[in-house]
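Engineer: To start, I am sharing the structure in question, which I have written as structure tokens.
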Amino acid sequence: MFEEKLPKRLPQSFAEFLSRYSFPAFDVLGISLFGWDSDQNQFTQESSAAKGSLSELLFPAGYVQIGRPGNFDAICFDMNKQRQNREFPIVRVDHEDILCNWKVCVSGEIWPSFIMLTTSALASVDPKVHYEEPLE
């Protein structure tokens with residue numbers, strides 16, 4: 001299981017989401033979340049922290065990438081902040097600082113938790129949810 005490779009356990013709400021559903025990568029509220037369908041998916045690729053990947057630096061710094069915005073920045077759980085039920089904030093990490101300066105620079109908190117992301121999407125008049133059917 002990919003969670004065993006992480007610096008800390010996933011937020012309870014996100015772990016429950018992954019345990020109940022399979023889904024392709026999808027866009028919601030301006031970010032693209034990685035798809036989840038088996039042990040071979042973007043989450044497991046990122047958790048391997050391959051040499052030269054953003055996760056090579058993100059993991060040791062306490063960040064777990066779960067998606068991307070419209071550019072190459074990383075959308076991550078910030079596992080450095082203690083929260084009830086491990087509901088870590090979701091932050092945006094600047095990819096250029098990682099690639100050019102070999103340091104993690106959080107450019108901002110996007111949501112205080114995965115629960116708040118889903119609540120915001122459900123409450124939005126236009127959550128901008130989009131996904132593409134996988135090719136067979």
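Laboratory data are not the source of any read-out in this text; all were calculated from the coordinates shown. Keep in mind that what you see is a predicted model, and the values were worked out from it rather than measured. So basically every Cβ, Gly included, is an ideal-geometry build from the backbone, and we count neighbours across all protein chains shown.
Engineer: Under 5 Å between amide hydrogens, which residues at least 5 positions from I66 or on another chain qualify, with H placed 1.01 Å from N in the peptide plane?
Structural biologist: I75, C76, F77
Engineer: On to the next question. Please give the peptides 83-94, 13-24, 55-66 ranked by average Cβ packing (other Cβ atoms within 10 Å per residue), highest first, as a rough proxy for protection.
Structural biologist: 55-66, 83-94, 13-24
Engineer: For the range 73-78, what does the Karplus curve 6.51 cos²θ - 1.76 cosθ + 1.60, with θ = phi - 60°, yield as ³J(HN,Hα) per residue in whole Hz, taken in order and with x for Gly and Pro?
Structural biologist: 4, 10, 9, 9, 7, 8
Engineer: Of L122, N85, G70, which is farthest towards the positive pole of the range 2-131's charge dipole, taken about the Cα centre with +1 and -1 on the beta-carbons of Lys, Arg and Asp, Glu respectively?
Structural biologist: Highest projection toward the positive end goes to N85.
Engineer: Now, a different point. Could you tell me whether the range 2-131 comes out rounded, prolate or oblate from its Cα gyration tensor? Rule is a ≥ b ≥ c as square roots of the eigenvalues, rounded for a/c under 1.5, then prolate if a/b exceeds b/c, otherwise oblate.
Structural biologist: Rounded.
Engineer: Follow-up. Starting from the 7 Å offset along Cα-to-Cβ, what nm value, one decimal, do you get for the label separation of L18 and C100?
Structural biologist: Between L18 and C100, the label points sit 3.2 nm apart.
Engineer: Next question, about the same structure. Taking the Cα centre of the range 76-132 as origin, work out the dipole magnitude from +1 charges on Lys and Arg Cβ and -1 charges on Asp and Glu Cβ, in debye rounded to 20.
Structural biologist: With only Lys, Arg, Asp and Glu charged at Cβ, the dipole is about 240 debye.
Engineer: What are the residues whose amide H is under 5 Å from the amide H of I110, where those residues sit 5 or more places off or on another chain and H is modelled from the backbone?
Structural biologist: Long-range HN contacts for I110: I90, V91, R92.
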